[in-house]
Amino acid sequence: MARKPKPADPDEEPVVRELRELRSMHFFRKQRTWPRMVWYNMVRGMAFGFGSLVGATVIVSLVIAILSPVVQQIDFIPLLSDWISKVIDIIEEARAAGG
């Protein structure tokens, strides 16, 4: 249950009044101590990282599934297949020369 902020003093500066309101909010009351703040941010970061990983996996798999029929048909397009084979040859030569 949220506490109600103290009534605003008319002589108080607007910045001070806003800070008092912020401090009375649930989010800021929960993170008053350093260990709580560190724990909350660590859990939040892990959730963000896991969500990013899952999201990237889904997006990459969808892109591969959509593009796989197109990539298989590249051999039928002579200009692209020649260009791709030249690029692959250049990469293999560079690998062989570099080690």
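The values are calculated or read from the model by the stated rules, or taken from the named source; none is laboratory data. Treat the numbers as computed from the prediction; the structure is a model and nothing was measured. Every residue, glycine as well, gets a Cβ built from its backbone with ideal geometry; the counts of neighbours run over all protein chains shown. Just so you know, the surface numbers come from the protein's heavy atoms only, side chains and all, with ligands and any DNA or RNA stripped out. Shrake-Rupley method; radii C 1.70, N 1.55, O 1.52, S 1.80 Å.
Here are some notes:
- When VAL54 is tested against (1) at pLDDT below 75; (2) open to solvent by less than 100 Å² (accessible area, probe 1.4 Å), just one condition goes unmet, and that condition is (1).
- Of all residues in the stretch 30-51, those satisfying the criterion of being open to solvent by 100 Å² or more (accessible area, probe 1.4 Å) and at pLDDT below 95 are LYS30, ARG32, TRP34, ARG36, TRP39, ARG44.
- Residue among ILE66, ILE88, ILE74 that is among the aliphatic types (A, V, I, L, M), exposed (fewer than 10 other Cβ atoms within 10 Å of the Cβ) and modelled with pLDDT under 90: ILE66
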